[in-house]
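In what follows, a single structure is set out as structure tokens and then discussed.
The values are calculated or read from the model by the stated rules, or taken from the named source; none is laboratory data. These numbers were taken from a predicted model, which means no experiment stands behind them. In this analysis, Cβ positions are derived from the backbone assuming ideal geometry, glycine residues included, and neighbour counts consider all displayed protein chains.
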Amino acid sequence: MTDQDREPTAHSGEPHSRHDDDAAGAEQQKNPATDRLKVISQWRPWEPSEPAPYVLDSIDAHGAPPEDHGPTPVAPPAESAQIGLEHFTDPGRRRMRAIARKIFFNGLVDRTITRRVERKPGAEVLSGACVVVANHSSHLDAPLIMSSLPVNLRQHVATGVAADYFFTTWYKKLFTQLVFNAFPIDRKGAGENRGLSRKLLSAGIPVLVFPEGTRSKDGRMREFKVGAAALASSIKVPVLPVALIGAHEAMPRDTSWPRRGRPPVVVAIGEPLTVRENESTVAFNERIQATVRSLYREYRPLIDQ
């Protein structure tokens, strides 16, 4: 072998053959650890695997009829009625909920979406009992709202959930109570728990409800049922309107996980509303709906920023 067949190595300066280079290269190519390293180095978790969906300009359904979700299942009153006021006021339970929420909300929700929170001045100083209402089109809605409320509301808010879905098995009930401080609602309005929300408000606990009754299939807001407006009117507590912008596109109905790429979501919290003198429940309910739609229109441009 001539000197021309030899080249110095980069490290030792000792000569070796081109055959040795080829063998080393072949061995490196077959090395599983090297292959995995290449895959990891090429992975970009922040890059979406699908085009970002266009967020609706308006959630106004323009007179569209209520969506057909089939017959509403009957709630299990015997199981759900076993929840009392102590579940929401006990200091030990509150500490457990605070830990569970921090893990779930901060560890999961904020790692899957890009959130922006906007609050009106009146919302910042609100405390005590109130009825929080919002448009409903995603499983992200409740955790987004609860973790976006001002601290003085966030720590105590209880969420009304469908008894016929979340209170049918022990593990669903345990999870929703622990994380969402949930209380059951019979969507037909005839369950044994219809007075529990009144008891919570009377005890100074804010409640979160979705007056549409169920999640929207297309992201557009349907007519609010009058229950939330009637509840706030009868106990003389304010209603806190919230508009969720982009939540439906981030995690549409019938999906089990948010879209990849951390899609943007805006949580817009408006000024508290109180029933006016001689204002009917129907009129108050319409004013609440109009405010949620207005918040959506006002803050929708933030999605594109």
Note to self: Show the residue pairs meeting these rules: Cβ distance below 6 Å; 6+ apart or different chains; first residue within region 145-166 and within 14 Å of E118 (Cα to Cα); second residue in a helix (DSSP H, G or I).
What the structure shows: S147/F105; P150/E124
Next item on the list: State which residue pairs qualify: first residue over 15 Å from L231 (Cβ atoms) and inside region 273-299, second residue part of a helix (DSSP H, G or I) and acidic (D, E) in any location, beta carbons under 7 Å apart, and separation of 6 or more residues or different chains.
Entry: none
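Listed here are the residues, each with its yes/no results for (1) of a type outside the set (V, I, T); (2) modelled with pLDDT of 85 or more; (3) crowded, with 20+ Cβ neighbours inside 10 Å.
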{"residue": "R116", "(1), (2), (3)": "yes, yes, no"}
{"residue": "E124", "(1), (2), (3)": "yes, yes, no"}
{"residue": "S127", "(1), (2), (3)": "yes, yes, no"}
{"residue": "H156", "(1), (2), (3)": "yes, yes, yes"}
{"residue": "V161", "(1), (2), (3)": "no, no, yes"}
{"residue": "K173", "(1), (2), (3)": "yes, no, yes"}
{"residue": "I185", "(1), (2), (3)": "no, no, yes"}
{"residue": "K188", "(1), (2), (3)": "yes, no, no"}
Note to self: Being of a type outside the set (S, T, Y), in a helix (DSSP H, G or I) and within 22 Å of G227 (Cα to Cα) is the filter here; which residues of region 144-176 pass it?
What the structure shows: I145, M146, L153, A163, D164, F166
Notebook entry, point to check: When both residues are 6+ apart or on different chains and their Cβ atoms are under 6 Å apart, which pairs have a first residue that lies in region 203-225 and is surrounded by fewer than 22 Cβ atoms within 10 Å (Cβ to Cβ), and a second that is outside any loop (DSSP other than H, G, I, E, B) and aromatic (F, W, Y)?
Noted result: I205/F88
Check: How many residues are β-branched (V, I, T) and out of contact with any Cys (no Cβ under 8 Å at 6 or more places or on another chain) if we restrict to region 215-241?
Finding: 2
Notebook entry, point to check: Among the strands (runs of 3 or more DSSP E) contained in region 194-286, which hold 3 or more residues that are in contact with a strand residue (DSSP E or B) (Cβ under 6 Å, 6 or more places away or on another chain) and under 22 Å from Y299 (Cα atoms)?
Noted result: 239-245, 264-269
